[in-house]
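**Student:** Once you've had a glance at the structure underneath, I'll fire off some questions.
The values are calculated or read from the model by the stated rules, or taken from the named source; none is laboratory data. This structure is a prediction, so every number in the text was calculated from the model and none was measured. Positions of Cβ are backbone-derived with ideal geometry, glycine not excepted, and every protein chain shown enters the neighbour counts. Each accessible area value is taken on the protein alone, full model and side chains, heavy atoms only, with ligands, DNA and RNA left out. Shrake-Rupley method; radii C 1.70, N 1.55, O 1.52, S 1.80 Å.
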Amino acid sequence: MARRVILTALAAAAAAVTADGQVPAAWQTAAERTDYAATTSYDEVLRIVEGLVEAHGHTRWERFGTSEEGRPLPLLMLSDPAVSTPEQAHKLGRPVVFVMANIHAGEVEGKEAALILARRLAAGDLRSLLKRVVVLIAPIYNADGNEKVSVDNRTAQNGPVGGVGTRENAKGLDLNRDYVKLESAEARALVSLLSRWDPHVVVDLHTTNGSYHGYHLTYAPSLNPNADARLIAYTRERLLPAVQQAVQKKHGLRTYFYGNFASESGIARESPRVDPANPGDAVWRTFDHRPRFGNNYIGLRNRIAVLSEAYSYYDFPGRVRVTEVFVEEVLRAVAGDALGVTQLTARVDRETAAARSLSLGTDFRLAALPEPVEILVGDVAERVNPRSGKPMREMTEQAVPVRMKDYGVFEATATRPLPRGWLLPKAYVESGRLAAALERLRQHGVRLQEVVAEGQIDVERSVVVEYTRAERVFQGHREARLRARYEPAQLSVQAGAWYVPASQPLARLAFYLLEAESDDGFVTWNVISGDGLAPGEAFPVYRVTNLRALKVK
């Protein structure tokens, strides 16, 4: 009965938002209610989500998974007309935009901004966008980490003074390093969501720290060159510049491609601060190309990825606001080019599945843009958090343009041609050697075909030349690399083996997961382990070069 009363109150509050533009306390986030001293709890998020659905006929929600500690993970679906299933969403022929927040539960502005945006889409000034795009919002992905609030988490961050949650989930895993290995309940649920709903655009909300730059928010597209070049170019050269201009012109906020200051010489900088009058050999450098990171993983699924990083030294209300307007302008830009977005992703899917002469990278290097660019150099001051007594860093007004190299892209340094597909022999699956790999492929949504008859097929065998493992444990693993030589061979295949065809939209992802020399695949994460990977041994996954004798269902 009490729950019904709460939902009724929230429904009334929603009506009030529509009527006079005011937001009653019952409808506000915890950040709004506390003058940005606190962040919204899991129960409060769920109450707002349920209230939106109760109040508005074109809003739905589902549980897309369950956290490690058993919390339902909510997904809001906002559309006009309403949709409850992926089939209904895609039947509308509109772009589906998925906004996810709180993957790192110490970076809370995405959660607050996503809830405010949901309210504006459901009951406010952004409602008309729902006739042009379908919006999915997962406001609290790392639900367990969100509840471990402490003033000792991310202490240098400029608020909220009441503390934030933890970066890791309940198992101590960084969910933004779990896209390949899928060891957390949350990551498996998220990848299942991506397979079911197949959003055209994914916006992932974070908070940065590190270098003292002059931007309120930085962003990145997919950085892995194995993603389709047209998707990367569209995001980098069209979508993000349009959003940058709109955020500056309409909201007066500065944004640019994500980076940190580094040294051209490669020597680590001792300070995050750069002197604008004497920058030395400072350069601007982005982060990483590997698909363990969400924006890079999304690109390998043939979808448009946008990473948002609010600047942690900007004050908390400002970070919520810049994240909110950044996502708003992404939604407006996608809505304004709805047909272009849907046609581009469909074309990339078709052409990836039909590709016969595609080479993809196994090793990569960071590269600079053709010409230096002006990067805004900022600075910070310190103030004391009144709750913890510890210093917080506070963005100053400094934003001085300094011309420097921008190492913002990656290029492949070693490539392999895409095979016709990959063969997982029956004996290796049944013995357990490839059982985990097979299960992970299913979880990623990669299409598999079972071999139904014996035969001799033409393959390329990867023979191990070198297998190494890192000394340091990272995310519970000693990361591995394998070097191989490749030789043609005839393979006797038994019924019950599994074939992974390259003629599918997720061929780029399958390549990254299965190739012996991949720098972030199943070898890296010990899904295919070192047993039997001594020099001279054949890698247990075979590259199929001719399909004539292969019989599958």
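**Student:** What full-extension length gain, to one decimal in nm, is calculated for Glu351 and Lys171 as 0.36 nm per residue of separation minus the Cα-Cα distance?
**Tutor:** 60.9 nm
**Student:** Assuming 0.36 nm per residue, please report the length gained on full extension of the stretch Ala233 to Glu537 beyond their Cα-Cα distance. Working shown, then result.
**Tutor:** Details: separation 304, 0.36 × 304 = 109.44 nm, distance 4.03 nm.
Extra length available between Ala233 and Glu537 comes to 105.4 nm.
**Student:** Skip the ligands, DNA and RNA, and give the accessible area per residue of region 440-553 with a 1.4 Å probe, whole Å².
**Tutor:** For region 440-553, the solvent-accessible area averages 41 Å² per residue.
**Student:** Dipole of the chain, Cα-centred, from +1 at each Lys and Arg C-beta and -1 at each Asp and Glu C-beta, to the nearest 20 debye?
**Tutor:** The calculated dipole for the chain is roughly 1220 debye.
**Student:** Please give the FRET efficiency for Leu92 paired with Glu430, using the beta carbon to beta carbon distance and R0 = 60 Å, rounded to the nearest 0.05.
**Tutor:** Computed FRET efficiency for Leu92 and Glu430 comes out at 0.85.
**Student:** Still on this structure, I have one more. Counting Lys and Arg as +1 and Asp and Glu as -1, each charge on the Cβ, what is the dipole of region 487-553 about the Cα centre in debye, to the nearest 20?
**Tutor:** Using Cβ point charges on Lys, Arg, Asp and Glu, region 487-553 gives about 560 debye.
**Student:** Mind checking which aspartates and glutamates have their Cα closer than 12 Å to the Cα of Lys551? Skip sequence neighbours fewer than 8 apart in that chain.
**Tutor:** Glu450, Glu454
**Student:** When we measure straight from the Cα of Lys91, which aspartates and glutamates land under 13 angstrom away, once same-chain ones fewer than 8 places off are left out?
**Tutor:** Correct list for Lys91: Asp80, Asp198.
**Student:** How many angstrom lie between the Cα centre of region 254-332 and the Cα centre of region 39-80?
**Tutor:** 29
**Student:** Which whole number of Å³ per residue matches the convex hull of the alpha-carbon atoms in region 435-553?
**Tutor:** Here the figure is 105 Å³ per residue.
**Student:** I need the calculated FRET efficiency for the pair Thr396 and Asp363, taking r as the beta carbon distance and R₀ as 35 Å, to the nearest 0.05.
**Tutor:** That pair, Thr396 with Asp363, gives E of 0.30.
**Student:** Follow-up question, since we're still on this one. Quick check: pseudo-label points 7 Å beyond the Cα along Cα→Cβ at Gln248 and Ala381, how many nm apart are they?
**Tutor:** For Gln248 paired with Ala381, the spin-label model returns 2.7 nm.
**Student:** Starting from the Cα-Cα distance between Arg33 and Arg442, subtract it from 0.36 nm times their residue separation and give me the gain in nm to one decimal.
**Tutor:** Result: 142.9 nm gained on full extension.
**Student:** Using heavy-atom solvent-accessible surface (probe 1.4 Å) with all chains present, what is the largest-first order of Val334, Val409?
**Tutor:** Largest to smallest exposure gives the sequence Val409, Val334.
**Student:** Which Cα, out of Tyr141, Val108, Ser128, lies furthest along the positive dipole direction of region 92-151 (beta carbon charges, K/R +1, D/E -1)?
**Tutor:** The one lying farthest along the dipole's positive direction is Ser128.
**Student:** Under a 1.4 Å probe, what is the accessible area of region 248-322 per residue, stated in Å²?
**Tutor:** Spelled out: the 1.4 Å probe surface of region 248-322, per residue, equals 38 Å².
**Student:** While we're looking at this one, here's another question. Give the ranking of Ile267, Ile304 by solvent-accessible surface, highest area first, calculated with a 1.4 Å probe.
**Tutor:** Details: Ile267 115, Ile304 0 Å².
Descending order: Ile267, Ile304.
**Student:** Using every alpha carbon pair in the chain, what percent of pairs falls into each 20 Å bin from 0 up to the bin containing the largest distance?
**Tutor:** 21, 53, 24, 2
**Student:** Longer than 31 Å from Cα to Cα, which of Lys181/Lys250; Lys131/Lys249; Lys250/Lys405; Lys111/Lys250 are they? Say none if no pair is. Mind showing how you got there, number by number?
**Tutor:** Values: Lys181/Lys250 41 Å; Lys131/Lys249 25 Å; Lys250/Lys405 29 Å; Lys111/Lys250 23 Å.
From the list (Lys181/Lys250; Lys131/Lys249; Lys250/Lys405; Lys111/Lys250), the Cα-Cα distance tops 31 Å for Lys181/Lys250.
**Student:** Right, another one. Given a cut-off of under 8 Å on Cα pairs at least six residues apart, what relative contact order in percent is computed for the chain?
**Tutor:** Relative contact order for the chain comes out at 14 percent.
**Student:** Magnitude of the Cβ-charge dipole of region 80-170, K/R +1 and D/E -1, about the Cα centre, nearest 20 debye?
**Tutor:** Working: 11 positive and 10 negative charges, 96 e Å.
So the magnitude is around 460 debye.
**Student:** Label point 7 Å out from Thr85 along Cα-to-Cβ: which residues of region 168-210 have amide N under 16 Å?
**Tutor:** 196-198, by backbone N distance to the label point.
**Student:** Which percent of Cα pairs goes in each bin when the distances of region 183-337 are cut into 5 angstrom slices starting at zero?
**Tutor:** Over region 183-337, the share of Cα pairs per 5 Å bin runs 2, 9, 17, 19, 19, 17, 11, 5, 2, 1, 0 percent.
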